[in-house]
Amino acid sequence: MLNNEYTRVKISSHRQRQVDSTSDLPARGPLSRRAFLGGIGTLGATTIAATSVIELFAQSAQAQGTASTGTSSLHQWAMVFDLRNCDGCKACTMACQQRHSLTSEQTWIKVYTMQSSAGQTYHMARPCMMCEDPPCMYVCPVGATFRTDEGLVLVDQEACIGCRTCMAACPYEARYFNWTTPPPATKIPGMKQSPEWPVPQIKDTVGKCVWCADRLPHGELPACVAGCPMGVIYIGDLTTDAAINSAGNVVKLSDFLRNNDAYRFQEEYGTNPRVWYIPGHGQDLNNDSASS
Amino acid sequence: MTTTTSNIAPIAHLRKAAMRPVFEPGKRYWLAVCILAAIVAWGIVAWIIQVHRGLGSAGYNNHAFWAIYIANVVTFVGVSYGGAVVSAILRLTGATWRAPLTRIAEATAVVTVLIGASFIFPHLGRPERFLELIYRPNLSSPIFWDFIAISTYAFASIVFFYLPLLPDLSVGHEQLVDKGRNRLARIYSKMSWKWNGNTRQRKLLNGSIGLIAILIIPLAVSVHSVLSWAFSLTSRPWWHESIWAPYFVVAALYSGIALVILIVALFRKIYHLEDYINERHFVRLGLILVPFGATYLYLTVADFLPGSYVGEHGVVSVFAAVIIGRYALWFWLFVFGGCILPVLIMALPWTRRIGTILIGAALVDASLWLKRIIMVVGPANYGRVSGLFGSYHFTWISISVTLAGVAAIPLLLLLVFRVVPILSITEMEEIVDHETKLLEEKLQSLKDFNHSDQISLGDPSRKIGIREIVHASSSAQLATSTSLEIQAEEI
Ligand code: SF4
Ligand code: SF4
């Protein structure tokens, strides 16, 4: 039915491949101490940061896959926002918009200024949450929104009929439509418009954050992660249980989340987002509201 | 108003009256067609410009991703239900007064569902990819269900229009041949499938009409429910309400019957059908509106009260915006102009005149469109992360396209009745035959009882006798029968 070269998760089978949520993170074959430290060691040895580490994720994931109990060897991408360090500078938004030639309204990663219940303000960036149960995908009448085996929810703009039902369904307002002809894009040689590299955007279709799906396989950091001067954003892999930020800080994902009381935003919508937030300003988890 | 004779006479001229628009639609017919066609053409031009410039030219933005066109889909497919139901329910309950209205009602149902469905095209950013719904559908999408439900219902309403037309086509065929309109006559004879009115054919036809009249009711319920699920299967505040499906069904009936009133009045006027359609028809249709209007008001309260009383931040914010905030003016306009006032007009005996009923019906349709706009735009405007409202403005493009849809209703109906009889000839004749027979039987039994030889149908000197008969008769059929009741009223 979906004659696309991308591997797509069939709706019926998504529950089987669903990756565990925070509570059972430790249970999912954590990176062996040696492999994890090995990763760190490599990082220490070479000064190039992110690139090689993510590649290491890949290698260790392969090792894991063969060694552990039938866990998929695929990456299962995740993101963590360490809100303790976010000062709301919007560098992530700008890096993303520049990389994808977006208009200023198309804030694929959007920084909200939030008001905590204790009265403090703090900043919270919202990319696409890459939900494990993505309502945007279920409601898309033509399967233009799909989910890859690595847990990325992408849009095939060549198939999108522009009905915007996905915008209605997304609880995080993460989708942005191209209401008029998109601005001309800076061409990158050898890169063709695709769901992973949706540049330029296509008029009258929907677009959204893709976690720079074109970069991840090459071990490169997404634009927002790389562009954050404060090292707030971590890109991670649930399979290898590791995450890294722009400062080259590598963490063991499950410990990082557990030890810092990480939460997922508006979890009550039941979409199982793949994005975690680490509170630090007296946030009342899900009950805060934006103030601007 | 109507005398006994003038009530009988038109029955004889029924065939002529029903075919008049086909033969001599009148001078103003062309004028009307031209004006309406110009409005529709202008709308199509606007749509082409919109496709060229992008959906933003219709006022859409990321905080109003759904707006006027989907509201139009809901409104037009909604009003279609009225035509189908007036005809289907009144058929099934054997309400004989429906007969002069059914053809107009059924045609309205067909025309409006087709227009409603075509509003999907301006709604889509990429209308040229529409066929993907057929060759790569996602079965879990409520939009796909909508597509299936609307097409099934549209097909059923066409069948429901066509079946009762069969015998009339063969009646019309004779007249066409008489007048030398051979081309249309040939089409009529093809379309009437060798209808000759024998008992077997009649039985088969009545059976099929009965079946489709039953089928079309759950079908229409399903269409409006599925339409509501396009909204309520998302987690947006106010859309995510279980009451929306029945809410949509009632809204469809309410606005649909109001539209039937308007359309019947229009065609009664331009094609001089006053002999067949009189104030009583409007009063009855108006009375049917009352319970639906009241139910809709009730559902509105039931929809808003729990969420406004206590609830999540999002629901409270949206409800506040609707009831006392940015949409309040439009909302209360709907409550008073679309529910309370029309219901009062139809319910109070001294305001129940054709003129006021028409005003009431027009108010219902206009304000239910407004209500749909609020229902669509309000929750779409609300940003669920920021808690802020965006805005939506109509543009000349979206208004032109919408007006084209409105103009297309009378335009298509004018064109339809240019080729098919506007009244259900056979149905009306059958009812008159049937009732005359019934009356004669009653008369006979009364005669036998009274040993009175002189009472006969339509005999002015014996009117008292007829009144007695009608009163004495416990038969509901008689009480509702068109011809008899009028006689009784005059007496
Ligand atoms: S706008 Fe495109 S991606 Fe979104 S639901 Fe419609 S067809 Fe699917
Ligand atoms: S955040 Fe929105 S767009 Fe992203 S996967 Fe979830 S529902 Fe879809």
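Summary of computed values
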| quantity | calculated |
| --- | --- |
| Å³ per residue enclosed by the Cα convex hull of chain B | 168 |
| Label-point separation, B:Ile35 to B:Ile49 (7 Å along Cα→Cβ), nm | 2.3 |
| Heavy atoms of B:Leu184: accessible area, 1.4 Å probe, square angstrom to 10 | 30 |
| Accessible area in the full protein assembly, largest first, 1.4 Å probe, for B:Trp193, B:Trp145 | B:Trp193, B:Trp145 |
| Distance from segment B:155-176 to segment B:47-116 (C-alpha centre basis), Å | 23 |
| With DNA, RNA and ligands ignored, accessible area of B:Lys442 (1.4 Å probe; Å², nearest 10) | 70 |
| Backbone HN-Hα couplings from phi across segment B:46-55 [Karplus 6.51/-1.76/1.60, Hz, Gly and Pro as x] | 4, 5, 4, 4, 4, 4, 5, 7, x, 4 |
| Cross-link pairs B:Lys27/B:Lys269; B:Lys203/B:Lys442; A:Lys90/A:Lys208; A:Lys208/A:Lys252; A:Lys90/A:Lys252 - those with Cα-Cα distance over 20 Å | B:Lys203/B:Lys442; A:Lys208/A:Lys252; A:Lys90/A:Lys252 |
| Per-pair calculated FRET efficiency, R0 = 41 Å: B:Phe394 and A:Lys90 via Cβ, rounded to 0.05 | 0.80 |
| Proximal charge balance of A:Gly280 [Cβ under 10 Å; K/R count +1, D/E count -1] | -1 |
| Relative contact order (%) - chain B, alpha-carbon pairs under 8 angstrom, separation at least six | 29 |
| For A:Leu238, distant residues with modelled amide H under 5 Å away | A:Gln76, A:Trp77, A:Ala78 |
| Hits among lysines - C-alpha to C-alpha of B:Lys447 under 20 Å, sequence gap 8 or more where chains match | B:Lys437, B:Lys463 |
| A:Cys163 long-range amide H proximity, modeled H, under 5 Å | B:Gly125 |
| Per-residue ³J(HN,Hα) for segment B:123-134, Karplus 6.51 cos²θ - 1.76 cosθ + 1.60, θ = phi - 60°, Hz, x for Gly and Pro | 5, 7, x, 10, x, 5, 9, 3, 5, 4, 4, 8 |
| Summed residue charge, Cβ within 15 Å of B:Gly116's Cβ, Lys/Arg positive, Asp/Glu negative | -1 |
| Long-range amide H partners of A:His123 with built H, under 5 Å | A:Met114 |
| DSSP-assigned coil residues among chymotrypsin sites (Phe, Trp or Tyr not before Pro) in segment B:362-442, each with at most 14 further Cβ atoms within 10 Å | B:Phe394 |
| Contour minus Cα-Cα distance for B:Val159 and B:Glu441 (0.36 nm per residue) | 97.9 nm |
| Distance (nanometres) between label positions extended 7 Å along Cα→Cβ at B:Val419 and B:Ser140 | 4.4 |
| Relative contact order, percent, segment A:88-230 [alpha-carbon distance under 8 Å, six or more residues apart] | 27 |
| Distance between segment B:185-202 and segment B:391-412 - C-alpha centres, whole angstrom | 40 |
| Relative contact order [Cα under 8 Å, 6+ residues apart], segment A:163-292, whole percent | 13 |
| Calculated from backbone phi, Karplus (6.51, -1.76, 1.60) coupling profile of segment B:172-178 in Hz, x at Gly/Pro | x, 4, 4, 4, 5, 4, 3 |
| Alpha carbon centroid spacing (whole Å) that separates segment A:225-239 from segment B:215-251 | 43 |
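The values are calculated or read from the model by the stated rules, or taken from the named source; none is laboratory data. Remember, predicted model here, so these are calculated numbers, not experimental data. No Cβ is skipped: glycine too gets one built from the backbone with ideal geometry, and neighbour counts run over all protein chains shown. Accessible surface areas use protein heavy atoms only, side chains included; no ligands, DNA or RNA. Shrake-Rupley method; radii C 1.70, N 1.55, O 1.52, S 1.80 Å.
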